[in-house]
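Enquirer: Submitted below is the structure of interest, expressed as structure tokens.
Bear in mind that the values in this text are calculations on the coordinates, not laboratory data. If you're wondering where the values come from, they're calculated on a predicted model, not measured in any experiment. We place every Cβ from the backbone using ideal geometry, glycine too, and count neighbours over all the protein chains shown.
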Amino acid sequence: MARKRILFLAEAATMAHFVRPLVLSEALDPHRYEIFFYAPSQFSPYMKNKPFATGELAAMPGEQFLANLAKGAPLFPPDVVRRYVREDRELISRIRPALVVGDMRPSLAISAHLESTRCAVLANAYWSPYAKRRTIMPALGVTRVVSPRLLAPAYRLIEPLAMAVHVNQMNTVRKEFGLPPLRLDARAMYTEGTYVLYADVPEFVPTRNLPWNHYYMGTCEWTPPIARPEWWERMTRDPKPKIFIALGSSGWLRVLPALWRALSRLPVSVILATSGRPVMASSPETYVAELLPLGETGKVSSVVVCHGGSTGIYPAITSGAPVLGIPANADQQLATAVLEESGAGLGVRADEASEKRLSNALEKLLFAPQYREAARKWAPVFRRYDSGALFRRFVSETLGD
């Protein structure tokens with residue numbers, strides 16, 4: 001029998017939107033399925049020697065995505081979505097997949113419908129319309145001048161309008177292609193597809209009355225194919241508690257001066273993953289690498305400091321380490337809110353990340369045992385969900401094989 005084809009589309013927004021579909025694609029048996037994986041060019045170093053077909057996907061630069069996010073503008077303007085629809089349809093028409101899987105590819109629900117193809121969209125469960133609703137005051141220019149705590153009551157009143165602006169832009173494009181409008185809720189827009197796959201575990205981010213076509217996939221944990229740095233053994237022999245800093249591709253680098261000052265007051269050693277960004281170490285004694293295995297490094301760390309997004313928080317908790325999240329955008333703030341509710345960490349908003357606030361949070365995480373105890377409680381819960389096995393089961397049931 002001919003292998004059924006599955007097409008994966010990764011997005012350039014952040015590393016997470018490449019990593020998660022990559023983890024799922026690699027979980028499938030290439031002898032059973034014919035797999036096609038398309039990703040933006042910046043991820044090509046990670047696409048070598050794959051047992052499936054790969055290709056380059058044109059995408060809006062991640063820097064533009066983050067800039068739109070930072071100023072509260074629609075993440076993908078209508079002209080970008082229109083271009084994406086054309087590109088998606090060309091790929092779907094040529095490959096004729098039985099299923100398309102996308103991560104933060106806003107055009108996919110439109111393209112798949114027009115090509116009469118089933119699609120699965122990856123998202124975090126805290127964006128689900130069936131999860132607890134959390135109102136987050138985004139980090140905007142005004143929040144650097146006026147405390148977000150003072151602005152939050154007013155923002156709660158205008159949040160529905162802000163969401164409507166985002167969804168209306170998408171509805172404009174949907175109307176052009178003859179599709180009905182989405183309800184004016186960004187959560188509905190981010191979870192529009194034949195199937196919705198949550199890169200989460202249900203105990204950590206619970207939902208209620210979940211429809212039949214929504215599935216939890218676990219956290220899609222990924223370890224970059226890199227060797228340990230030359231200082232690894234020396235670092236593990238270092239008797240001081242370790243603080244692991246990994247702001248990823250989207251954390252605010254402007255918080256680093258205050259963070260370095262806060263760390264200088266503590267009896268710790270620092271491990272820094274730069275993610276290829278221009279990050280200067282606080283001292284020559286800092287252990288620095290471009291990329292590090294988050295889970296393995298978390299196991300030797302007393303605290304992990306990250307951008308507050310799920311791809312920073314989840315590997316740390318899986319390793320049993322408490323987390324300090326420093327979120328800048330709405331997604332990171334939602335993930336950090338869930339982190340604080342879990343008891344496994346604390347959050348300091350990037351626009352409020354003063355030396356004093358960071359120092360207070362780090363001291364609590366280092367010296368108050370309840371945070372590490374909570375992280376260790378959650379670690380086996382996270383490990384219980386094998387993303388590869390869950391995805392294989394989903395595909396088998398969905399494609400009827």
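Enquirer: If the limit is 20 Å between Cα atoms, which of Lys240/Lys364; Lys240/Lys356; Lys132/Lys364; Lys242/Lys299; Lys240/Lys377 go over it?
Expert: Lys240/Lys356; Lys132/Lys364; Lys240/Lys377
Enquirer: Assign one of three labels to region 232-383, namely rounded, prolate or oblate, based on the Cα gyration tensor with a ≥ b ≥ c the square roots of its eigenvalues; rounded applies when a/c is under 1.5, prolate when it is not and a/b is larger than b/c, and oblate otherwise.
Expert: rounded
Enquirer: Going through region 154-249, which trypsin sites (Lys or Arg not before Pro) have at most 13 other Cβ atoms within 10 Å and a DSSP loop state?
Expert: Arg183, Arg208
Enquirer: Convert each backbone phi in region 7-12 into a coupling constant with the Karplus relation 6.51 cos²θ - 1.76 cosθ + 1.60 (shift: θ = phi - 60°), then list the ³J(HN,Hα) values in order as whole Hz, x for Gly and Pro.
Expert: For region 7-12, the Karplus-derived couplings read 10, 10, 10, 9, 10, 8 Hz, x marking Gly and Pro.
Enquirer: Find how much the distance from Arg94 to Asn168 grows on full extension, using 0.36 nm per residue of separation minus their present alpha carbon separation; answer in nm with one decimal.
Expert: Using 0.36 nm per residue and subtracting the Cα-Cα distance, I get 23.6 nm.
Enquirer: Hey, another quick one. For the chain, what relative contact order do you get, as a whole percent, if you take Cα pairs closer than 8 Å and at least 6 residues apart?
Expert: 15 percent
Enquirer: I would also like to ask the following. Looking at region 333-401, which trypsin sites (Lys or Arg not before Pro) are DSSP coil and have at most 11 other C-beta atoms within 10 Å of their C-beta?
Expert: Those satisfying the criteria are Arg384.
Enquirer: Just rank Ile136, Ile243, Ile95, Ile326, fewest to most, by other beta-carbon atoms within 10 angstrom.
Expert: The order, fewest Cβ neighbours first, is Ile95, Ile136, Ile243, Ile326.
Enquirer: Here is a follow-up. Mind checking region 52-113 for GluC sites (Glu not before Pro) that DSSP puts in a loop (not H, G, I, E or B) and that have at most 13 other Cβ atoms within 10 Å?
Expert: Within region 52-113, no GluC sites (Glu not before Pro) qualify (loop, at most 13 other Cβ atoms within 10 Å).
Enquirer: Just rank Ser359, Ser93, Ser107, fewest to most, by other beta-carbon atoms within 10 angstrom.
Expert: So the ranking, lowest neighbour count to highest, is Ser93, Ser359, Ser107.
Enquirer: Taking each pair of different alpha-carbon atoms in the chain once, compute 1/r for the pair, average those values, and report the inverse of that mean as the Kirkwood hydrodynamic radius in Å to one decimal.
Expert: 21.8 Å
Enquirer: Another question, if that's okay. For the chain, find the longest principal axis of its Cα atoms and tell me its angle to the long axis of helix 369-383, 0 to 90°, nearest 10.
Expert: 30 degrees
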